[in-house]
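Structure first, commentary second.
The values are calculated or read from the model by the stated rules, or taken from the named source; none is laboratory data. For clarity, every value in this text was computed on a predicted model and none was experimentally measured. Virtual Cβ from ideal backbone geometry, glycine too; neighbours counted across all protein chains shown.
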């Protein structure tokens with residue numbers, strides 16, 4: 001009975017070429033090129049076929065256990081932890097956690113195969129590129145441009161959405177700031193960048209979208225591109241000397257956009273493993289643990305060495321509270337009251353600067369909720385009224401100043417004293433020499 005030899009299509013093709021070589025229809029160099037092998041390996045195959053016949057083409061390691069085969073005990077241990085703790089992890093992240101927490105060192109491809117076998121991972125089909133897109137070249141220096149955005153997601157796996165603000169350096173791909181906040185409003189964004197300036201300094205540029213917190217979008221009321229129409233955030237950055245660049249599409253600031261899907265997978269599970277359940281705990285965790293670890297793994301070397309963040313001077317540090325406050329202008333009423341956010345503020349009699357009716361007062365609402373009233377660079381004294389004051393027809397006091405009585409009196413030879421201003425006395429006082 002003839003021996004049955006199983007060959008692949010590649011081996012069959014090589015067998016025919018070697019037979020032609022043996023019959024001297026082609027030489028060794030031509031055979032080597034056809035099989036994409038070296039001339040030396042071609043000679044070896046020829047010698048084996050002459051000695052063993054057609055089965056000499058078959059590789060000697062076929063059917064044998066590979067030298068690099070992973071110990072089955074390690075595979076079983078990996079399956080146990082993947083099912084128990086990392087069932088919703090992606091293969092690469094699961095591979096890192098198996099090595100970090102359980103000392104199981106496997107390749108990401110092996111972990112992917114195991115997870116696919118267990119039904120924990122569904123391989124994705126390759127996407128066909130319908131349109132070519134090229135990445136914008138990175139900035140040269142660290143601190144030259146920061147990409148910034150916010151994302152609403154169930155970060156704490158409670159079924160409720162919360163907001164995460166994030167900034168990423170364009171040159172190095174490093175996460176430069178993460179903060180869990182209530183919303184993407186003015187106070188939250190101001191708190192983020194105030195802390196950023198205090199710890200790292202001021203970047204040259206910030207690249208962000210056209211959300212209403214950052215840019216005025218009421219096209220029907222004002223011209224959006226009017227440089228005089230600024231949002232609170234634009235005014236803060238203008239006073240800080242930081243240039244804002246507004247993107248017209250998510251793809252334009254793709255590096256911060258692609259960060260959030262990564263955080264939604266990695267950060268959520270890192271906080272789950274660490275037992276983080278509140279925004280306060282999460283803000284401390286990302287600063288001390290997550291950001292340093294993430295940057296060590298995913299940051300890149302910038303094109304040029306250097307840090308373009310500008311450190312704050314002592315004067316700038318003192319002005320941060322004022323710059324990162326919500327500022328609006330209000331007019332002084334006839335009874336020297338000011339209304340702001342549904343509250344009534346009564347100006348006191350003694351003020352560091354002269355205050356008249358209808359004066360324009362700058363109201364500053366700080367991040368901590370404190371309210372300051374200023375006029376011509378001086379902060380005014382006030383008290384908060386429990387209710388709306390009663391309307392008066394005519395105010396008795398024309399203006400508020402530093403004291404209730406004038407401290408200056410005209411001298412005896414002042415022109416004001418030449419004439420008697422008392423209407424009851426009609427006698428004209430003689431001019432003083």
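Points to keep in mind about this one:
- Which listed residue is assigned to a helix (DSSP H, G or I) and touching a helix residue (DSSP H, G or I) at 6+ places or on another chain (Cβ under 9 Å), from 77, 33, 105: 77
- Top-ranked residue of segment 2-22 - restricted to ones that are assigned to a loop (DSSP other than H, G, I, E, B) and closer than 15 Å to residue 53 by Cβ, ranked as nearest to the chain's Cα centre (by Cα): 7
- On inspection, residue 65 does not qualify as surrounded by 13 or more Cβ atoms within 10 Å (Cβ to Cβ), at pLDDT below 90 and within 30 Å of residue 115 (Cβ to Cβ).
Condition check ((1) more than 15 Å from residue 336 (Cβ to Cβ); (2) modelled with pLDDT under 75; (3) not in a loop (DSSP other than H, G, I, E, B)) across all residues:
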position: 361; (1), (2), (3): no, no, yes
position: 388; (1), (2), (3): no, no, no
position: 391; (1), (2), (3): no, yes, no
position: 394; (1), (2), (3): no, yes, no
position: 397; (1), (2), (3): no, yes, no
position: 413; (1), (2), (3): yes, no, no
position: 424; (1), (2), (3): yes, yes, no
position: 429; (1), (2), (3): yes, yes, no
position: 432; (1), (2), (3): yes, yes, no
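- Residue match in segment 275-290 (condition: within 30 Å of residue 363 (Cβ to Cβ) and surrounded by fewer than 15 Cβ atoms within 10 Å (Cβ to Cβ)): yes
- Subset of segment 340-359 that is assigned to a strand (DSSP E or B) and touching a residue at least 40 places away in the same chain (Cβ under 8 Å) - its residue that is nearest to the chain's Cα centre (by Cα): 343
- Any hit, segment 164-175, residues being within 13 Å of the chain's Cα centre (by Cα), assigned to a helix (DSSP H, G or I), closer than 24 Å to residue 299 by Cβ and modelled with pLDDT of 90 or more: no
- Residue check for residue 256: assigned by TED's automatic domain parsing to the domain that holds residue 234 and not in a helix (DSSP H, G or I): no
- Residue list for segment 50-62, filter: surrounded by 14 or more Cβ atoms within 10 Å (Cβ to Cβ), over 59 Å from the mean Cα position of the chain (by Cα) and over 16 Å from residue 23 (Cα atoms): 55, 56
- Residue check for residue 94: farther than 14 Å from residue 21 by Cα and part of a helix (DSSP H, G or I): yes
- One residue alone among 329, 317, 363 is under 34 Å from the mean Cα position of the chain (by Cα), under 24 Å from residue 181 (Cβ atoms) and surrounded by fewer than 15 Cβ atoms within 10 Å (Cβ to Cβ), and that residue is 317.
Condition check ((1) out of contact with any helix residue (DSSP H, G or I) (no Cβ under 7 Å at 6 or more places or on another chain); (2) in a helix (DSSP H, G or I); (3) within 21 Å of residue 231 (Cα to Cα); (4) modelled with pLDDT of 90 or more) across all residues:
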{"residue": "300", "(1), (2), (3), (4)": "yes, no, no, yes"}
{"residue": "303", "(1), (2), (3), (4)": "yes, no, no, yes"}
{"residue": "312", "(1), (2), (3), (4)": "no, no, no, yes"}
{"residue": "320", "(1), (2), (3), (4)": "no, yes, yes, yes"}
{"residue": "334", "(1), (2), (3), (4)": "yes, no, no, no"}
{"residue": "338", "(1), (2), (3), (4)": "yes, no, no, yes"}
{"residue": "364", "(1), (2), (3), (4)": "no, no, yes, yes"}
{"residue": "368", "(1), (2), (3), (4)": "yes, no, yes, yes"}
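- Residue match in segment 19-34 (condition: within 16 Å of residue 59 (Cα to Cα) and out of contact with any strand residue (DSSP E or B) (no Cβ under 7 Å at 6 or more places or on another chain)): no
- Of the numbered criteria (1) assigned to a helix (DSSP H, G or I); (2) closer than 30 Å to residue 107 by Cα, the one residue 61 fails is (1).
- The set of residues in segment 188-199 that are in contact (Cβ under 8 Å) with a residue 60 or more places away in the chain and surrounded by 20 or more Cβ atoms within 10 Å (Cβ to Cβ) comprises 190, 193, 197.
- Segment 231-253, residues that are touching a helix residue (DSSP H, G or I) at 6+ places or on another chain (Cβ under 7 Å) and in a strand (DSSP E or B): 244
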